[in-house]
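The values are calculated or read from the model by the stated rules, or taken from the named source; none is laboratory data. In this text, all values refer to a predicted model and were calculated from it rather than measured experimentally. Counting neighbours? That spans all protein chains shown, and the Cβs are built from the backbone with ideal geometry, glycine included. We work out accessible area using only protein heavy atoms, side chains counted, and drop any ligands, DNA or RNA first. Shrake-Rupley method; radii C 1.70, N 1.55, O 1.52, S 1.80 Å.
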Amino acid sequence: MKKIEAFFFDLDGTLADSRADIAQAINYALASLGLQGNMTSGEVNSFIGGGIEDIVRKALGGKNVHVAGEAGPLFRTTYP
């Protein structure tokens, strides 16, 4: 029998409902950039699945895309 050396498990959305935390992080990032950050967990729910960069891009909604590169690191400060 082969010995298992590592086991990875992604809790987000599987065992933990992290939508509110993700919404808080995206709102923080947007507000830090001087943009309105008042997205609900319901709105953010449709953004989840493609990674942080995808969440940021969708939250920006095609506007202010020049700040997308700055928003990702800000998002990560509150949602590592």
Computed over the chain, protein heavy atoms only, probe 1.4 angstrom, the accessible area per residue in square angstrom equals 71
For the chain, convex hull of alpha carbons as volume per residue, Å³: 110
For residue 79, the accessible surface traced by a 1.4 Å probe with all protein chains present amounts, in square angstrom to the nearest 10, to 40
Inter-site label distance for residue 31 and residue 4 at 7 Å from Cα along Cβ, in nm: 4.1
Which whole-number percent gives the relative contact order of the chain, counting Cα pairs below 8 Å spaced six or more residues apart? 31
